[in-house]
1. Among the candidates Arg41, Arg54, which residue alone is over 15 Å from Phe124 (Cβ atoms) and either of a type in the set (Asp, Glu) or touching a helix residue (DSSP H, G or I) at 6+ places or on another chain (Cβ under 6 Å) (or both)?
2. Take the residues in segment 191-207 that are crowded, with 16+ Cβ neighbours inside 10 Å and closer than 21 Å to Gly151 by Cβ; name whichever of them is nearest to the chain's Cα centre (by Cα).
3. With respect to Leu82, is the statement that it is closer than 26 Å to Ala177 by Cα and of a type in the set (A, V, I, L, M) true?
4. Assuming His39 fulfils every condition listed in (1) in contact with a Gly (Cβ under 8 Å, 6 or more places away or on another chain); (2) crowded, with 20+ Cβ neighbours inside 10 Å; (3) more than 29 Å from Gly114 (Cα to Cα) apart from one, which condition is it?
5. Within segment 42-87, restricting attention to residues that are free of Cβ contacts under 8 Å to residues at least 24 places away in the same chain and not in a loop (DSSP other than H, G, I, E, B), which residue is farthest from Ser105 (Cα to Cα)?
6. So if I check each of Gly146, Gly120, Gly182, which one is farther than 21 Å from Glu17 by Cβ, outside the structural domain of Tyr60 (by TED's automatic domain parsing) and either under 17 Å from the mean Cα position of the chain (by Cα) or touching a residue at least 60 places away in the same chain (Cβ under 8 Å) (or both)?
7. Can you spot a residue in segment 158-181 that is among the β-branched types (Val, Ile, Thr), in contact with a Ser or Thr (Cβ under 8 Å, 6 or more places away or on another chain), buried (at least 20 other Cβ atoms within 10 Å of the Cβ) and part of a loop (DSSP other than H, G, I, E, B)?
Amino acid sequence: MTAPRIALVGNGAMALEYFELFAPATFCAVFSEAAFADHNRLPLPQYTEPAVLRAVADHYVLAIGDVTDRQRLSVVMEAAGLAPCPPLLLPGAVVSPSSRVEAGSVIGHGVQVGARCHIGPHNFLMHHAVVGHDTTTGSHVLLCPGSYVAGYVRIGERVVIQAHAAVARSLSVGDDALVSQGASCFRDVPAAAIAIGNPARLRRKDG
């Protein structure tokens, strides 16, 4: 079976981290939006037109941190005929055999994913994040370093859980929510809300 030809979408710090931590042959090119092309630090061929990129790559992985841009660029890539890459797991990640990780997701070093979880597409679980059993996530979710999600949690679309934040068992975190660094959530986080503090207080993003 032919190995996928994977393009990195993004050329900043996250893309450089992927390039350095995975095997050198994992990626064949980098896609940069034209406004950011001069900032590329990767020793890979750079493309700014998705249609041209399609000539050298057949899969892509998102290497940018903004969840809105991640969703937007996934649409651009798939419109050009590229597919999300198979899940990428760094050495030291532990994913239960009964769990499922969708295409386009990256599981960082030291991450633990418990039994019967469903990790949605285009997630990035950064190093030493913990996901408890029977938890599900939507797409374009970022779990930052050291974050902890207990069992039976439901995480929506485009959620960011920042470093060392915690979400207690059986809670839900709605679409576009943000759990701030170090926050401890003991109640549901509604869509488009920000959870701050320990115990977490809730406010609207537009509030």
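1. Working: Arg54 fails: either of a type in the set (Asp, Glu) or touching a helix residue (DSSP H, G or I) at 6+ places or on another chain (Cβ under 6 Å) (or both).
None of the other options fit; the residue is Arg41.
2. Ala195
3. Details: closer than 26 Å to Ala177 by Cα: no; of a type in the set (A, V, I, L, M): yes.
When the stated conditions are applied, Leu82 does not pass them.
4. (2)
5. Only one residue fits best here, namely Val52.
6. When all the criteria are applied, what remains is Gly120.
7. Yes, segment 158-181 contains a residue that is among the β-branched types (Val, Ile, Thr), in contact with a Ser or Thr (Cβ under 8 Å, 6 or more places away or on another chain), buried (at least 20 other Cβ atoms within 10 Å of the Cβ) and part of a loop (DSSP other than H, G, I, E, B).
The values are calculated or read from the model by the stated rules, or taken from the named source; none is laboratory data. Every value quoted in this text rests on a predicted model; they were computed, and no experiment measured them. Note that we place each Cβ from the backbone using ideal geometry, even for glycine, and neighbour counts take in every protein chain shown.
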